[in-house]
1. Keeping all protein chains in position, work out how much accessible area Arg525 exposes to a 1.4 Å probe, and write it in Å² to the nearest 10.
2. Taking 8 Å as the Cα distance limit and 6 or more residues as the minimum spacing, I'd like the relative contact order of the range 531-631 as a percentage.
3. 7 Å from Cα along Cα→Cβ at both Arg6 and Asp500: what's the point-to-point distance in nm?
4. Summarise the accessible area of the chain (1.4 Å probe, protein heavy atoms) by the percent that is carbon and sulfur.
5. Which one, Ile620, Phe509, Gly417, projects farthest toward the positive side of the charge dipole computed for the chain from Cβ point charges (K/R +1, D/E -1)?
6. Which order do you get for Cys192, Cys371 if you rank them by accessible area with a 1.4 Å probe, largest at the top?
7. Using only protein heavy atoms and a 1.4 Å probe, report how much of Ser73 is accessible, in Å² to the nearest 10.
8. Under 12 Å Cα-Cα from Lys54, which aspartates and glutamates qualify once same-chain neighbours fewer than 8 residues away are excluded?
Amino acid sequence: MREPARLDVFGDALPPGALSRCGTHRFWHPPDTTLGGMFAVGFSPDSRRLVSAKGLTARVWDLEDGRERVALSGHTDILRAALYVSAERIVTAAHDGTVRLWNAEDGTELRRWTPARAVRSLSLARDGRTLLAATEAPDGFAVLDLEHDEPLRRVCPEDAVAGTEFVTFSPDGTQVFTLEQPWRAYRAARLCAFDFKTGALQWAVHGVAGYLPWLHFSRDGQQVTCAFEVQGQPSPMTFHTRTGTQVPTEPEREPFARCFLPDGTLVKMGDGTVELHRHGAMVREFPLPTDCGGELGRPVPSPDGRYVAFYGRGPTLLPLEVSTGRMGPARAHRNGVRDVTFSRDGRRLLTYAWDGTLRVWDCATGTQVTCDDVYRQFWARHCFIEHSCLADGTMWVSTRPDVIVDALTGAEVEAEGGFRPYHVSWSGDAALLAHVREDEEERPAIVHDARTGRQLRRVPLPIVKGEARALSRNGRFLATWESYRSPPAAPTVIRIWDLDRRVLCSEQFPRDTTPWQLRFTPDDRWFAFIEQPCTLVLVDLEHPERQRKLESPVPISAFAFTEDSQHVALGNQNGQVRVCGLDGRLLGVLEGHRDDVRAVAFSADGRWLASGSTDTTAVIWPREAWAREAR
């Protein structure tokens, strides 16, 4: 009899062999194309479910638990719109030129229209059956009836400045408003008002397009505000809906997208916050995730006013419960995991994600212990996180010139002689930091003690240019990276320097590699880099002519060595982790992620292996999952 699957803290089955999972796949969109962000979300009429559009697929989610209920698949180009037209039906639109009607329960396609070459947005009338579809220039927009197979009519305005990026009905349903906007920001745009019955253009005003198109109406429907920009800054303009006359308004400090809840509460997106306003005054404020993979789209309220949903270029939906300020997914990454490290005792895992957070997890259970928005912390101090390193249970950050910071404690150390924050490299245990001073004639390589800031080495290098990209733990070996953008055929050069002997040990000319994945083994015997991009090359530092190559069936995204330098973990783009000996012998394949594995790390005693992925989770594996001799 098979044992029941073990569950993570969210109640979902763990991958076979895994100890725990940090984070969740709930509200996470699996990628089905490399193009396009999350362009639209829409609530069901009862506010219990949410549909989102990303890539080639729309997905339906349960708002109470964040589980995916059904996937709507069939579009052949990027989805741009998705909305409920009834409790049982959903309509989607995409750049393949089609608008499709679906059964919301089982994902069956019910009807299809092809109104134009590409469709950018949708709007549903109050009658629940008339649909507007914004289309590419010069098509304007199409009017569809959900019960008929052919479009009712097309409205093609004269003198359009671009395709119709946004379309909506006025609150009383007698007018149609469109925003013509090019793909690129800060280009000519036009706001138009049409009579719905006749399709006649009533008025139009010109402006400059911003990155995020949005319109919103006043509660009485007499005014419309548009997201135009002035000199690169958001500067919304308000107009009378009937005449197009501009309404003078006070300039806003943070004029971002907004929406109204059914009770009249105004929801405004500020700079990293969500603000609730009633009667002209702010009554509540909630923080937004710092970096969800790009700018967030306009907020979308649920019909009952309980939720407001946010979305953007990132892979995760962000529903906010207005009464509590709770934003799903709670206690989980909201974007991909970019780095992982164990505490020295192996009981805690630290993860750093593209949502700007540094989180500490209990390894045994996958329970989140702490969460720090380090991106926002440093931004508040007018610092940028130029370079960081996770090692030995902490995060070291180089911010403004000359300063090294422990991100967990906030302790700062000033580096003797200074450094350029972006062009630094850390040893594998983060005890040392190195950089090359390209602004000095002798191009010295400088090594600092990261805990004290003391300068340990200063060695002139006979190079014209080169960035420090890897440093051995003993500080003896340094790898520099040099890549020329022109001419195109110029090779990438990795140079390995012996700083004790002050000599060049080896030059490597890899193909299709990246500067972010260069490492020395913990015993400082081997230097490793990814090449072509399915091969891990190991260079013997004492005899550089001796090399080993470890092959992977799919591109390698991350690798890490055990503390004894006997084994290596290779994270790949298929979501797998392959554990090998340094002789190339495959020990095990771990399958627990749904997307690219971008970070791997072993605990100091070798008992645990952690893998972090763009699927927003980190998984902790015991040695028994990959080492046959430990089973």
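The values are calculated or read from the model by the stated rules, or taken from the named source; none is laboratory data. Keep in mind the model is a prediction, meaning the values are calculated, not measured. Every residue, glycine among them, receives a Cβ derived from its backbone with ideal geometry; neighbour counts consider all protein chains shown. For accessibility, only protein heavy atoms count, side chains too; no ligands or nucleic acids. Shrake-Rupley method; radii C 1.70, N 1.55, O 1.52, S 1.80 Å.
1. Near enough 120 Å² of accessible area.
2. Working: 231 pairs, mean separation 19.1, N = 101.
This gives 19 percent for the range 531-631.
3. Distance between the two pseudo-spin positions: 4.3 nm.
4. Numbers: 12660 of 26980 Å².
For the chain, the apolar C and S fraction of the accessible surface comes to 47 percent.
5. It is Ile620.
6. Working: Cys192 0, Cys371 60 Å².
If we order Cys192, Cys371 from most to least accessible, we get Cys371, Cys192.
7. Ser73 has an accessible surface of roughly 70 Å² with all protein chains in place.
8. Qualifying aspartates and glutamates at Cα under 12 Å: Asp32, Asp77.
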